[in-house]
Amino acid sequence: MITQERLTHLKQLEAESIHILREVAAEFSNPVMMYSVGKDSSVMLHLAIKAFAPSKPPFPMLHVDTKWKFNEMIKFRDQRAIDLGFDLVVHSNQKGIDMNISPFEHGSKVHTDIMKTQGLKQALNIGGYDAIIGGARRDEEKSRAKERIFSFRDKNHTWDPKNQRPELWNIYNTAIQKGESVRVFPISNWTELDIWQYIYLENITIPDLYFSKEREVVEFEGTKILVDDDRMPEELRKTAKKEMVRFRTLGCYPLTGAINSSATTLPEIIKEMLLSTSSEREGRLIDKDSIGAMEQKKKEGYF
Amino acid sequence: METQDKKIAKDIEGYLKEHENKDMLRFLTCGSVDDGKSTLIGRMLYDAKMVFDDQLAAAEGESKQYGTTGGKIDMALLVDGLQSEREQGITIDVAYRFFATENRKFIIADTPGHEEYTRNMVTGASTADVAIILIDARKGILTQTRRHSFIVSLLGIEHVVIAINKMDLVDYSEDVFNEISTAYTELATELGIKNTYYIPVSALDGDNVVDKSDKTSWYKGQPMLSLLDTMDISKEQKEEDLRFPVQYVNRPNLNFRGFCGTIVAGSVSVGDNITILPSGKTTKVKSIINGGDITETDFHVTCQEAYAPMAVTLTTEDEVDISRGDMIVHSNSVPRVSNSLKVMLVWMDENSMILNEQYDIKRGTSVVSGAFEHINYQVDVNTFERNQVHSLGVNDIASCKMLLNQPIAADSYETNRFTGSFIVVDKITNNTVGAGMILGVSRREEDLDKIQNKEYTDSEKALNLFIRENFPEWECKTI
């Protein structure tokens, strides 16, 4: 008889996430994992590898490319796919590309709706996925705090927050009709600090954008954004300055605020996070549109 | 917090080292609409400095629009998520919140207290180690307090903190506190709640939430947060029997066949004699892969032993037939295998439970068709009285006899929370319509063919109908 120790909180969270991922693989015929290239996606990918070793994860990774992601993210994504050998599916909304949708010209709301939400719906319809694994966490935003780990979506990918299936113990209801789907959130119970600590402990590779270095930025709608390509309007680009900055979240470069920072290592990033007084999503411009903005976007099918 | 900030600033790597080894505690808060649940949680997050400036600014803005606290920040707005709830000023569903101290990570399940939301409380309680029950100091124990306590005991929560709230409105009176504590002790005894803790609190003003209040000098116990932080929630050290529900068969090639799952009780070592249930076949454990040990550069790490709640992959010495839904146990401690179970059922759907209707019963990783043959009694959650009923509506709780189409290896909920619990899924709507806890497992399997395929004559059916309609107290089964 060996003495059983209580697992640390990170090991408990890790085991819970692995359980959830295996449940998806066992119960659905065509699952997919959303891969957004950010730190949460990096953790999810790492967990998927652990869940199915010595096999590779039995589902592809899907990236909805809005065509406005940081260039570095795209390079990082393609390199990871080669290094780890996972199946990568990339989708962009061709209609939006044809319309030349730009966050600078059309604003964050229109851009996010067409390139991200509509793009995602297209990708899901094309793939015909019955389970979509996402990296959302309940600590990120108030409306996420109420969402189930296995969250039901109707044929139009919409979420009905008032009509969610009860979710008890670690038993997940995976029953759906043809055309319906379930969004699965294996890291629901992780916090931002848990994610960072886990990345540190497990030595998980993340994009360089999270680490501070001298980058060219401009002031845009109250935040600093990176000069990532020449699609940024000329008059904005003229105002560019070099500053020591890094990013707390990664998304579309015109919509992702940089913060001034000297953190060049993981412990320094964690230190900065612990001592900071504003929450993670502040750098993301889309949430501020209105109170309950995220809840509305989620009902419409956004992750 | 101040000193912690200093430590973080000075020696972040040392801080990270310490925080690698935190424990985790899940708790549930229960109270009625005006008991101040969300306020208490908001207060804990706020006083533990878990609220960021921008969230606070948003709550301040929203307090002006929806708040109910006059000039002060409405703490509940830090917690209540959905727009519709904010407008109604109530929490309508289960919300999960997180915070951490140096010792523990906390997961809070915040559930509403209305009668119609019993199902939400059951949901929140299903994963909780500890429950906090709020009692309004001005009102004392109310019907809903009895209801909340009943559900907490039903779901097997062993530690209950009674937060006697709104002490500011009773002048921090020791007498009021003692009176309510004494009354609750009786209730706890009646329900068999193992450990109770009483705290005088004002969630609105923060008394005894994070810091000990100077207004209750007569109170010698700990404030809420330090109690939660230091409470011993480890189960009594006993040799738990191995329970390993097979979740997924991993077969990348002909040379490897692994059985993935989460160990829900006990431990397993290489070489152990194991039995596969319900088939009863036996073999030995050949190797163990602990998912947690796998790295991106080594997919083949193995270990000698693993224990609950690790997510692992086992391989076996012999090629025995093992599939999802099977249970692997040690051959010297085999649980009962049966298709006839006595269960406590919580009905969660607007459509009533139909006796003898086939539902999908998901227990652990197995999904088996089954029906509720008989309602032994329904429990009134407010009075704890047992009633004879013939159907179950939403939020009803009842002891039933459940008959499955295939036998499963099962434990009582009291013995094992994970092998003793199940959900009920409607075969047509696919909704989760019920949740249940196993009370007992029959020694013998019931012969399904005899039950299901027996042909009754028209006169037998007519007699059956007549008896059921005129003599409901006989509890005659529908044929």
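Since every read-out is calculated from the coordinates, none of them should be taken as a lab result. Predicted model, so just to flag it, every value in this text is computed and none were measured. Ideal geometry is used to build each Cβ from the backbone, glycine not excepted, and the neighbour counts take in all protein chains shown.
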Q) Are there GluC sites (Glu not before Pro) in the stretch B:331-410 that DSSP marks as loop and that have at most 14 other Cβ atoms within 10 Å, and which are they? A) B:E350, B:E357, B:E385
Q. What is the mean number of Cβ atoms from other protein chains located within 10 Å of the Cβ atom of each residue in peptide A:267-276, rounded to a whole number?
A. 4
Q | Antiparallel bridge percentage (DSSP; both residues within chain B; nearest 5) | A | 75
Q. Karplus couplings for the stretch B:283-296 from phi (6.51 cos²θ - 1.76 cosθ + 1.60, θ = phi - 60°), rounded to Hz, Gly and Pro as x?
A. 7, 10, 6, 8, 8, 10, 10, 8, x, x, 7, 5, 10, 5
Q | chain A - share of DSSP beta bridges that are antiparallel (%, nearest 5) | A | 60
Q: Using the number of other C-beta atoms within 10 angstrom as an exposure proxy, rank B:S32, B:S202, B:S181 with the fewest first.
A: B:S181, B:S32, B:S202
Q) When the dipole is taken about the Cα centre of the protein assembly as shown, and only Lys, Arg (+1) and Asp, Glu (-1) are charged at their Cβ, what size is it in debye, to the nearest 20? A) 1180
Q. So what's the gap between the Cα centers of the stretch A:208-260 and the stretch B:390-441, to the nearest angstrom?
A. 55
Q | Rounded to 5, percent antiparallel among DSSP beta bridges of the protein assembly as shown | A | 70
Q | Restraint check, A:K11/B:K10; A:K162/A:K224; A:K109/A:K155, Cα-Cα greater than 31 Å | A | A:K162/A:K224
Q. When only C-alpha pairs under 8 Å and at least 6 residues apart count, what is the relative contact order of the stretch B:324-479, in percent?
A. 29
Q) Whose amide H sits under 5 Å from the amide H of A:L62, counting only residues 5 or more places off or on another chain, with H placed in the peptide plane? A) A:M33, A:M34, A:Y35, A:V89
Q. What is the fewest-to-most order of A:C252, B:C260, B:C476 by other Cβ atoms lying within 10 Å of their Cβ?
A. B:C476, A:C252, B:C260
(Q) Among B:M167, B:S126, B:N255, whose Cα projects farthest towards the positive end of the dipole of chain B, with charges put on the beta-carbon of Lys, Arg (+1) and Asp, Glu (-1)? (A) B:N255
Q: May I ask for the longest run of chain B untouched by chymotrypsin sites (Phe, Trp or Tyr not before Pro) that are loop-located per DSSP and have at most 13 neighbouring C-beta atoms (other than their own) within 10 Å?
A: B:219-455
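Please give the average number of partner chain Cβ atoms lying within 10 Å of the Cβ of each residue in B:14-24, rounded to a whole number.
5
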Q. For the stretch A:127-193, what is the relative contact order in percent, using Cα pairs closer than 8 Å and at least 6 residues apart in sequence?
A. 52
Q) Near A:I176, within a Cβ-to-Cβ distance under 12 Å, what is the net charge of the other residues, with Lys and Arg +1 and Asp and Glu -1? A) +1
Q | Debye, to nearest 20: dipole size of chain A, +1 on Lys, Arg Cβ, -1 on Asp, Glu Cβ | A | 400
Q. Given a Förster radius of 51 Å and the C-beta distance between A:T264 and B:K194 as r, what FRET efficiency does 1/(1 + (r/R0)^6) yield to the nearest 0.05?
A. 0.50
Q) In whole Hz, what ³J(HN,Hα) sequence does the stretch B:351-361 give by Karplus (6.51, -1.76, 1.60; θ = phi - 60°), x for Gly and Pro? A) 7, 5, 6, 10, 4, 6, 7, 7, 10, 8, 9
Q.
What is the sum of charges, Lys and Arg at +1 and Asp and Glu at -1, for the other residues whose Cβ falls under 11 Å from the Cβ of B:N103?
A. -1
Q) Once amide H atoms are built 1.01 Å from N in the peptide plane, which residues 5 or more positions from B:M348, or in another chain, come under 5 Å H to H? A) B:N395, B:G434, B:A435
Q. What GluC sites (Glu not before Pro) does the stretch A:173-248 have in DSSP loop regions with at most 16 other beta carbons within 10 Å?
A. A:E180, A:E221
